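The values are calculated or read from the model by the stated rules, or taken from the named source; none is laboratory data. Every value quoted in this text rests on a predicted model; they were computed, and no experiment measured them. When we count neighbours, we look across all protein chains shown, and the Cβ atoms used for this are built from the backbone with ideal geometry, even at glycine.
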Amino acid sequence: MRLLIKILRNTLVGLILFALALTGFFKVVHYPNPIAAIKLGLAPASKTPTLLPWHVVAPSTNPITLPTSTEAMPATVEWMGKTITWQEFLDISNTNAFVVIRNGVLTYQYYNAKNKITATTQLPSYSMAKTMTSLIAGQLIAAGKLKESDKFVDYFPEYKTGTTFDQVTVQSLLDMESGVGVSDNYPNGPTGWGVGIAQMYATTDMNWFIKHNRKMAFAPDSQASYRSVDTQLLGMIIHRITGERVADYFSKNIWQPVGAATAATWNVDHIGGVEKTFCCFNASAIDYAKVALMLLNNGSTASKHIIPTDWIKRLSTPVVKLDHGWGYSAFMWHPYPNINLMHGLHGQFVLMNPATKTVVVKLSDNSTNGDPDVEEVRVMYQLSQK
C-alpha cells in the first residue's frame, strides 16, 4: 500500500512539474497556455471566435435591411459523383449557414439549428479575412497612402535581414508571391501545432512571431505560393500607416458603410495588440453578404461609394493560379471565369456572380482533412447561374 501511495505521489509530482515546464515553454514561444491551446486545436471551426482574444468591429448605427422573398432550392444536387437531396448536401458539407441574395433580395436562408446557429451568430471567416484586408489596402492605395511598389521593410526597417526578405513588396504580398517561408500546411488538432501557420494562428505576440520567421522559401515574384503570412505582413503595414487598430479602421471605413447590422470581431494576438489579418474575422452570414453586395455594385451601396472602382477591377482580374488551378488576385479567388470568391479554411465561402447579381454565402464546419472545396464551390456556382 505504501509503495502504491509513493508511486501515485511521484506520478502526481511528475505531472505537475511537466505541466509547469510546458506552461513555461509556451510562454517563451508566445503560445496560449497549454489548456487554451488544446481547446483551440480541438474545437470545431464555428466555436473558435471566442477562444482567441478579439477586438470588436462596431456595426452601423443605421443598418441596411435587405428585402426578402422565398426561393426554393434545387431538389437535388450532384455531390462526389452522386445525386443527393438539398438537405443531404447541407448536412454532408457541415453547413452552419447558407444564404442566397439575388439582385439585392434575400431569397434563401438556412441556419443549422442543431448547432444553435441563427441569423446573428458570429461565424469565423478564416481566410475570407484576407479579402477584408485587401479592401482596406485598396482604400489606402486610392488615398495615396500606400503603393503596391512599397516594400514591407519601408514600414518596418527594424525587420531588415539583408536577404530577399527586404525585397518583399505590397504587390507580392497581395498576389501570394512574397516567398516568405511560413508553411500553410494546416495541422489537425493540437499535435500539429509546431507547423508555421498554426504558430502564427495561436501566437500571443505577432511581432515576435514575424521577427523569428523571416527566412525565405523563394525570391519574391519568382513564383506564386499560397502563404497566409503574406496577408499578415500587409495587415501590419495597414496598422502602421493608419495608426489605428485594423478592427477600428475596418469598422469606420467598410463595416459601418455597408450597413452591417451586427458587431463583428477580429481576433488578435492579445488585447490591444495586432489583428490576425490572415484569418480570424468573425461575423454573421448576412453581414458577410453585405460586403459582397457592395463589391457587386462596383464598390458602392445606395448611398455611399466605399471601394475604389480601380480596386474592384484589381480584385476581379486574376494574375496567378494557386490551389485547384483557380485564379487569384489581391486576396480574391477566381474559381470560374468572371466569378469572385472569398474562401476560408473549413468551408467558408462568399461567391459573387456579377452576371446574375447573385451572392451565395456558405459557412461550414469542415475538417482540414479532405476539405471538399471544389465540390462546394461547384454547387454554389451552379446555383448562382440561375
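Taken over the stretch 79-105, the criterion of being without any contact (Cβ under 8 Å) to a residue 12 or more places away in the chain and not aliphatic (A, V, I, L, M) is satisfied by Gly81, Lys82, Thr83, Thr85, Gln87, Glu88, Asp91. Looking at (1) over 26 Å from Leu40 (Cα atoms); (2) surrounded by 22 or more Cβ atoms within 10 Å (Cβ to Cβ), which is the only condition Ala202 fails? Every listed condition holds for Ala202 apart from (1). The condition of being surrounded by fewer than 14 Cβ atoms within 10 Å (Cβ to Cβ), in contact with a strand residue (DSSP E or B) (Cβ under 9 Å, 6 or more places away or on another chain) and of a type in the set (S, T, N, Q) holds for only one of Thr131, Thr118, that being Thr118.
Please tell me if Leu146 is within 28 Å of Ile312 (Cα to Cα) and assigned to a strand (DSSP E or B). For Leu146, the condition - within 28 Å of Ile312 (Cα to Cα) and assigned to a strand (DSSP E or B) - is not met. Among the strands (runs of 3 or more DSSP E) confined to the stretch 289-386, the ones with at least 2 residues that are in contact (Cβ under 8 Å) with a residue 40 or more places away in the chain and under 30 Å from Leu42 (Cβ atoms) are located at 340-344, 348-353, 358-364.
Residues checked against (1) at pLDDT 95 or above; (2) surrounded by 21 or more Cβ atoms within 10 Å (Cβ to Cβ); (3) of a type in the set (Lys, Arg); (4) within 21 Å of Lys145 (Cα to Cα):
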{"position": "Ser251", "(1), (2), (3), (4)": "yes, yes, no, yes"}
{"position": "Ile286", "(1), (2), (3), (4)": "yes, yes, no, no"}
{"position": "Met294", "(1), (2), (3), (4)": "yes, yes, no, no"}
{"position": "Val320", "(1), (2), (3), (4)": "yes, no, no, no"}
{"position": "Tyr328", "(1), (2), (3), (4)": "yes, yes, no, no"}
{"position": "Met352", "(1), (2), (3), (4)": "yes, yes, no, no"}
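Within the bounds of the stretch 135-146, is there any residue that is touching a strand residue (DSSP E or B) at 6+ places or on another chain (Cβ under 9 Å) and either touching a residue at least 24 places away in the same chain (Cβ under 8 Å) or within 24 Å of Tyr226 (Cβ to Cβ) (or both)? Looking for residues that are touching a strand residue (DSSP E or B) at 6+ places or on another chain (Cβ under 9 Å) and either touching a residue at least 24 places away in the same chain (Cβ under 8 Å) or within 24 Å of Tyr226 (Cβ to Cβ) (or both), one finds none in the stretch 135-146, hence no.
So which of Ser46, Ser69, Ser60 ends up being surrounded by 15 or more Cβ atoms within 10 Å (Cβ to Cβ), among the hydroxyl-bearing types (Ser, Thr, Tyr) and either modelled with pLDDT of 95 or more or touching a Cys at 6+ places or on another chain (Cβ under 9 Å) (or both)?
Answer to the check: Ser60.
Checking each residue in the stretch 110-120 for being more than 17 Å from Val291 (Cβ to Cβ) and touching a residue at least 12 places away in the same chain (Cβ under 8 Å) picks out Tyr110, Tyr111, Asn112, Asn115, Ile117. Restricting the stretch 244-266 to residues that are charged (D, E, K, R) and within 18 Å of the chain's Cα centre (by Cα), the residue that is nearest to Ser60 (Cα to Cα) is Asp248. Would a scan of the stretch 259-273 turn up a residue that is more than 21 Å from Thr121 (Cα to Cα) and among the polar types (S, T, N, Q)? No, the stretch 259-273 contains no residue that is more than 21 Å from Thr121 (Cα to Cα) and among the polar types (S, T, N, Q).
Right, Glu148: assigned by TED's automatic domain parsing to the domain that holds Arg314, under 30 Å from Thr48 (Cα atoms), of a type outside the set (A, V, I, L, M, F, W, C) and touching a helix residue (DSSP H, G or I) at 6+ places or on another chain (Cβ under 8 Å) or not? When the stated conditions are applied, Glu148 does not pass them.
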